[in-house]
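The values are calculated or read from the model by the stated rules, or taken from the named source; none is laboratory data. This one's a predicted model, so the numbers in the text were calculated from it and none came from an experiment. When we count neighbours, we look across all protein chains shown, and the Cβ atoms used for this are built from the backbone with ideal geometry, even at glycine.
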């Protein structure tokens with residue numbers, strides 16, 4: 001693993017996420033295709049909280065092994081407990097972008113000699129610093145795909161009664 005390339009990807013992912021959410025109307029931001037799906041607002045606020053309370057916190061925990069327990073998180077619970085879908089889209093995007101900038105600045109200062117350093121997580125599995133860094137980049141990509149799918153659904157709804165077959169298969 002080349003950590004510099006992974007960090008660069010995380011930085012690029014942040015820009016792509018911002019671009020996919022930029023200019024989205026409040027109505028589009030709150031749109032949920034179905035009861036199980038997330039809205040754009042829920043995705044961006046999830047990413048904001050994950051930035052602060054998951055990836056950066058857990059990587060720091062592994063690298064510095066502070067006293068105490070593995071930082072606890074509840075990403076699924078936060079959606080409703082923190083009212084993600086009732087937030088304002090512009091502020092939510094700015095919150096994420098600000099946190100991502102802090103993360104990138106912090107990541108670029110790290111001097112890690114052993115990305116295999118790890119801790120046993122509460123579920124009994126060894127998690128290494130390299131696992132967290134790589135998972136951070138992949139987590140972004142999962143949500144980038146989700147944001148694209150939400151845009152796709154929105155355009156399909158706007159386009160009715162017209163078809164989009166000419167575009168090609170989805």
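Within the stretch 108-122, count every residue that is part of a loop (DSSP other than H, G, I, E, B), at pLDDT 90 or above and under 23 Å from the mean Cα position of the chain (by Cα).
The total comes to 2.
Can we say residue 104 is in contact with a strand residue (DSSP E or B) (Cβ under 9 Å, 6 or more places away or on another chain) and under 18 Å from residue 137 (Cα atoms)?
Working: in contact with a strand residue (DSSP E or B) (Cβ under 9 Å, 6 or more places away or on another chain): no; under 18 Å from residue 137 (Cα atoms): yes.
So residue 104 does not fit the description; no.
Name the one entry in 141, 150 that is in contact (Cβ under 8 Å) with a residue 40 or more places away in the chain, surrounded by 19 or more Cβ atoms within 10 Å (Cβ to Cβ), in contact with a helix residue (DSSP H, G or I) (Cβ under 9 Å, 6 or more places away or on another chain) and outside any strand (DSSP E or B). Working first, answer last.
Values: 141 fails: surrounded by 19 or more Cβ atoms within 10 Å (Cβ to Cβ).
Matching residue, one of 141, 150: 150.
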